[in-house]
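Enquirer: Quick one: this structure, given as structure tokens, is what I'll be asking you about.
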Amino acid sequence: MDFLSLFVTDFIKQLQSPTLAFLIGGMIIAALGSELVIPEAICSIIVFMLLTKIGLTGGIAIRNSNLAAMVFPMIFAVITGITIVFIARYTLAKLPKVKVVDAIATGGLFGAVSGSTMAAALTVLDEQKMAYEAWAGALYPFMDIPALVTAIVVANIYINKKKRKEAAYSIEQPVAAGDYPDKKDYPSSRQEYLSQQKGDEDNRVKIWPIIEESLRGPALSAMLLGLALGLFTQPESVYKSFYDPAFRGLLSILMLVMGMEAWSRVGELRKVAQWYVVYSVLAPFVHGLIAFGLGMIAHQVAGFSMGGVVVLAVIAASSSDISGPPTLRAGIPSANPSAYIGASTAIGTPVAIGLCIPFFLGLAQALGG
């Protein structure tokens, strides 16, 4: 009962907080047909400033903290990001009318991290005065990059296997007398042999370009820039006078934009299998509980704070809304963006912000006192 009462209390507070209020407000005005448009350039600047601030916070904290305390949370962040992709591969992909490639891409997007959801969680923790490591935001890339890399690698392995099976099936088909179906499989010259070998190499999944693409993405670039500046310079004055005071106001504008975007994506989600709706509601809780359990191990073994456990759970519950979609579009071009982006933006993000943040906050308060 303690957990339930804490969850209800936190959820009511969330409804009254600017973070969720602006998100719901954006969905309402979009549903009513409002023509309000926030220019993309402004959204990009807001995202840059929010993630730079989180990076600065993490960099300053890492500079002044014991690096050994970060080892377990970082390892668990990597494990969680990879695990989420395989959960989608062997659950969502098995459901009726769900294409395997689309399911893997959805898992990759849900395994990657939403900077806006993480920012909202940090704001709520500050409002609740729950202590957490200032470097907790730096766990972002340790979950984000492994999830995206794993999704693209697993999807391409599946696609290549499928192509080989189809080729083998076509060879096994009966042919008329006098035909030579296997003739094309044997190279007639060294040049043709080398060309076939080069084609096989081209079909192999190259991991480093995927990592490079993720690192170059606007979200990770901004956060890693802030992390480096906080770690190797002395940015405290500009941090306190500019980034810190502007953080919550900018976050509220971003939540408004995300609410409008979420409503617009609902139409896209209707075009694909209904199972994506079920997955988008349940997956944030399942993913978050996995990370919460791992975080509790770090709490017991390495003294990771309960607030840090909440941060780890929330970033696992989130789904990427900035860097993930373009990375997956480039890495898995055959996947349907309406499926994985619709599932993430229309349902996954509102569930993560509106329900998962108070859920894991209440769970941490019930367990940690």
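The values are calculated or read from the model by the stated rules, or taken from the named source; none is laboratory data. Quantities reported herein were computed from a predicted structural model and do not represent experimental measurements. All Cβ positions, even for glycine, are placed from backbone atoms using ideal geometry, and neighbour counts span all protein chains on display. Side chains are part of the model used for accessible areas, which takes the heavy atoms of the whole protein and leaves out ligands, DNA and RNA. Shrake-Rupley method; radii C 1.70, N 1.55, O 1.52, S 1.80 Å.
Per-residue answers, yes or no, for (1) more than 18 Å from residue 92 (Cα to Cα); (2) at pLDDT below 90; (3) assigned to a helix (DSSP H, G or I); (4) open to solvent by 50 Å² or more (accessible area, probe 1.4 Å):
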| site | (1), (2), (3), (4) |
| --- | --- |
| 247 | yes, yes, yes, no |
| 260 | yes, yes, yes, no |
| 263 | yes, yes, yes, yes |
| 276 | no, no, yes, no |
| 283 | no, no, yes, no |
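Enquirer: May I ask you to verify whether residue 236 is under 15 Å from residue 349 (Cα atoms) and of a type in the set (Asp, Glu)?
Expert: So residue 236 fails the test.
Enquirer: Against the definition (surrounded by fewer than 22 Cβ atoms within 10 Å (Cβ to Cβ) and modelled with pLDDT of 90 or more), how does residue 267 come out, yes or no?
Expert: No.
Enquirer: Quickly run through the range 44-96 and pick out the residues that are among the charged types (D, E, K, R) and over 21 Å from the mean Cα position of the chain (by Cα).
Expert: 63, 94
Enquirer: Looking at residue 119, is it within 20 Å of the chain's Cα centre (by Cα) and under 19 Å from residue 331 (Cβ atoms)?
Expert: Here the answer is no, as residue 119 does not meet what is asked.
Enquirer: Please indicate, with yes or no, whether at least one residue in the range 286-307 is of a type outside the set (D, E, K, R), open to solvent by 40 Å² or more (accessible area, probe 1.4 Å) and closer than 21 Å to residue 95 by Cα.
Expert: Yes, the range 286-307 contains a residue that is of a type outside the set (D, E, K, R), open to solvent by 40 Å² or more (accessible area, probe 1.4 Å) and closer than 21 Å to residue 95 by Cα.
Enquirer: Please give the number of the condition residue 81 fails out of (1) closer than 20 Å to residue 125 by Cβ; (2) open to solvent by less than 60 Å² (accessible area, probe 1.4 Å).
Expert: (1)
Enquirer: Still on this structure, please answer the following. Looking at 295, 354 in this structure, which one is at pLDDT 95 or above and either outside any helix (DSSP H, G or I) or not aliphatic (A, V, I, L, M) (or both)?
Expert: None of the others qualify; the one that does is 295.
Enquirer: Within the range 37-67, how many residues are closer than 24 Å to residue 310 by Cα and free of Cβ contacts under 8 Å to residues at least 12 places away in the same chain?
Expert: Matching residues across the range 37-67 total 3.
Enquirer: Would you check which residues across the range 48-92 are among the basic types (Lys, Arg) and modelled with pLDDT under 90 and list them?
Expert: If the condition is that a residue be among the basic types (Lys, Arg) and modelled with pLDDT under 90, then 53, 63 are the ones that fit.
Enquirer: Taking the condition at pLDDT 90 or above and not in a helix (DSSP H, G or I), does residue 304 pass?
Expert: In short, yes.
Enquirer: Going through 316, 339, 343 one at a time, which residue ends up being touching a residue at least 24 places away in the same chain (Cβ under 8 Å), under 11 Å from the mean Cα position of the chain (by Cα) and open to solvent by less than 10 Å² (accessible area, probe 1.4 Å)?
Expert: Going through 316, 339, 343 in turn, the sole match is 316.
Enquirer: Need a quick list: helices (runs of 4 or more DSSP H) entirely within the range 54-160 having at least 1 residues that are out of contact with any helix residue (DSSP H, G or I) (no Cβ under 6 Å at 6 or more places or on another chain) and within 17 Å of residue 343 (Cα to Cα).
Expert: 71-90
Every residue, every condition in (1) modelled with pLDDT under 70; (2) surrounded by 13 or more Cβ atoms within 10 Å (Cβ to Cβ), yes or no:
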{"position": "202", "(1), (2)": "yes, no"}
{"position": "212", "(1), (2)": "no, no"}
{"position": "218", "(1), (2)": "no, yes"}
{"position": "221", "(1), (2)": "no, yes"}
{"position": "224", "(1), (2)": "no, yes"}
{"position": "231", "(1), (2)": "no, yes"}
{"position": "235", "(1), (2)": "no, yes"}
{"position": "244", "(1), (2)": "no, yes"}
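Enquirer: Further question on the same structure: State all residues of the range 93-121 that are modelled with pLDDT of 90 or more, open to solvent by less than 40 Å² (accessible area, probe 1.4 Å) and over 18 Å from residue 289 (Cα atoms); if no residue qualifies, say none.
Expert: Passing the criteria: 93, 98, 100, 101, 102, 103, 104, 105, 106.
Enquirer: Out of curiosity, is residue 28 at pLDDT 90 or above, out of contact with any Leu (no Cβ under 6 Å at 6 or more places or on another chain) and over 17 Å from residue 121 (Cα atoms)?
Expert: Considered against the rule, which asks whether it is at pLDDT 90 or above, out of contact with any Leu (no Cβ under 6 Å at 6 or more places or on another chain) and over 17 Å from residue 121 (Cα atoms), residue 28 comes out as yes.
Enquirer: State the number of residues belonging to the range 47-105 that are within 24 Å of residue 116 (Cα to Cα) and of a type in the set (Lys, Arg).
Expert: Here the count works out to 1.
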